[in-house]
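Here the structure comes first, spelled out in structure tokens, and everything after it is commentary.
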Amino acid sequence: MNNQVELLSPVGNFESLEAAIFYGADSIYFGIDKLNMRFKSSQNFQITDLNEIVSKCKKKQIKTYITLNTIIYEKDFNLLKLILKKIKTLKIDGIIAMDQSVINYSRKLDINVHISTQLNISNSEAIKFYAPYSEAIVLSKELNLKQIKEIILKIKKDKITSPKGNLIKIEVFCHGAFCMATSGKCYLSLHTKNSSANRGACNQTCRKKYYLIDKKNISSIEVYNEHLLSSKDLCTISFLDKIIKTGISILKIEGRARSTEYVAVTTACYREAIDSIKNNTYTIEKIDNWIKRLNNVYNRGFWQGYYLGREIGQVNSSLHYKKFYIGKVKHYFNQAKMGLFQIESYSLKTKDKIFLLGPKTAIRKTRVKSIMINDLKSHLVRKGQICTIPIPFKINVGDKLYKIS
């Protein structure tokens, strides 16, 4: 339990980057341009953003990893080589890859490689095969805790080392969307829309709602979950201590296409959980609180994955969280700790839960303690009005104001 576990958070834009940094990530991973599995579903960074990302992270001693995890075609090599050259120049901590061409080019440039879960590595012999090319292996999602522990013991016993001479690190997913295909290698989107998930263009065919039809009787059959082709989201926070006990090195949160709130809440909860396990303060009460908070950002219901066996175990969860865009910050008065807001939609009243979202602010939550309109107190502010609200933390002009219900 004394091993240092690295918390790896997903980042899809600069707001999520600030959230991951602020809420305690040890490392972040993100996509560049077209050669990543969230090319179509998240904003994605450009090569020109790399200097700023690396600079922000190095100041906080946070590691950076780039996902280059799509299948590579002949036409992609110029872009691939350009990205890898930039990664080498900026001394980015590594890439996550599954195509052998990416792995091979990266090794030639002495760039650290994390082997993607899409290669479905499920045993120590496969790890021996990839060890000369990689610093870490993201294991197949289909493994249980006993199998993971056996693999890690085998790595230690056989001294399976990376190109830098270190024991190979094992990386596993701890939270987020869970693809029904084997370790994410899915062709459903390609079959239905000619849009390859393995080229970063998944249109989430499995996440849509479907009816189950009895063709003989021409009637629909009632089912508990109308997302027939889709699993619940992975949530391991209730048995995170058991995962860490296997000897894994990196805990990875899925969600580069998810919202900034999701990045903030999941990073914060898993940071607290990891620290609690380390400090022997990991309790049922804390677990219940973390699950409640995780449930307050978008999810499809929670289950424990295959870690505890093959049955789908339900974790306390239901979708009841909504957010409403309210307006923007026009000014922040530092000494008075007051925000000046332009209300652009809906209305806001005292005691409402709110959060502020911005590239420098990340995401910060509070409650509306009071409202002032034209220097007069009010319990309500409506669309089109300008008001001041006490905000106990620094915010920035242009930050977005949301109401939570």
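The values are calculated or read from the model by the stated rules, or taken from the named source; none is laboratory data. Note that this is a predicted model, so its numbers are computed, not measured. Here the Cβ is made from the backbone with ideal geometry for all residues, glycine too, and neighbour counts use every protein chain on show. Heads up: the accessible areas ignore ligands, DNA and RNA and are worked out on the full protein's heavy atoms, side chains in. Shrake-Rupley method; radii C 1.70, N 1.55, O 1.52, S 1.80 Å.
Given the structure, is Ser162 hydroxyl-bearing (Ser, Thr, Tyr), open to solvent by less than 50 Å² (accessible area, probe 1.4 Å) and modelled with pLDDT of 95 or more?
So Ser162 fits the description; yes.
Looking only at region 117-131, which residues are within 16 Å of Ser101 (Cβ to Cβ) and modelled with pLDDT of 95 or more?
Selection gives Tyr130 alone.
With the checklist (1) part of a strand (DSSP E or B); (2) buried (at least 17 other Cβ atoms within 10 Å of the Cβ); (3) modelled with pLDDT of 95 or more in hand, flag the one item Leu234 doesn't pass.
Of everything listed in (1) part of a strand (DSSP E or B); (2) buried (at least 17 other Cβ atoms within 10 Å of the Cβ); (3) modelled with pLDDT of 95 or more, Leu234 misses just condition (3).
The rows are residues; the columns are (1) out of contact with any helix residue (DSSP H, G or I) (no Cβ under 8 Å at 6 or more places or on another chain); (2) open to solvent by 10 Å² or more (accessible area, probe 1.4 Å); (3) modelled with pLDDT under 95.
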position: Asn296; (1), (2), (3): no, yes, yes
position: Gln304; (1), (2), (3): no, yes, yes
position: Gly309; (1), (2), (3): yes, yes, yes
position: His331; (1), (2), (3): yes, yes, no
position: Ser347; (1), (2), (3): yes, yes, yes
position: Val368; (1), (2), (3): yes, no, no
position: Cys387; (1), (2), (3): yes, no, no
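Would you confirm, using the coordinates I've provided, whether Ile363 is touching a helix residue (DSSP H, G or I) at 6+ places or on another chain (Cβ under 6 Å) and not in a loop (DSSP other than H, G, I, E, B)?
For Ile363, the condition - touching a helix residue (DSSP H, G or I) at 6+ places or on another chain (Cβ under 6 Å) and not in a loop (DSSP other than H, G, I, E, B) - is met.
I'd like the full set of residues that are in a loop (DSSP other than H, G, I, E, B) and modelled with pLDDT of 85 or more, limited to region 26-39.
Asp26
Need a quick list: strands (runs of 3 or more DSSP E) entirely within region 46-143 having at least 1 residues that are farther than 23 Å from Glu18 by Cα.
Qualifying strands (runs of 3 or more DSSP E): 94-97, 113-115, 136-138.
Would you mind stating whether Ser42 is open to solvent by less than 80 Å² (accessible area, probe 1.4 Å) and modelled with pLDDT under 95?
yes
Give me the residue from region 8-26 that is crowded, with 24+ Cβ neighbours inside 10 Å and hydrophobic (A, V, I, L, M, F, W, C) and, out of that set, nearest to Val138 (Cα to Cα).
The extreme case among them is Leu8.
Of all residues in region 54-71, how many are open to solvent by less than 20 Å² (accessible area, probe 1.4 Å) and out of contact with any Phe, Trp or Tyr (no Cβ under 9 Å at 6 or more places or on another chain)?
5
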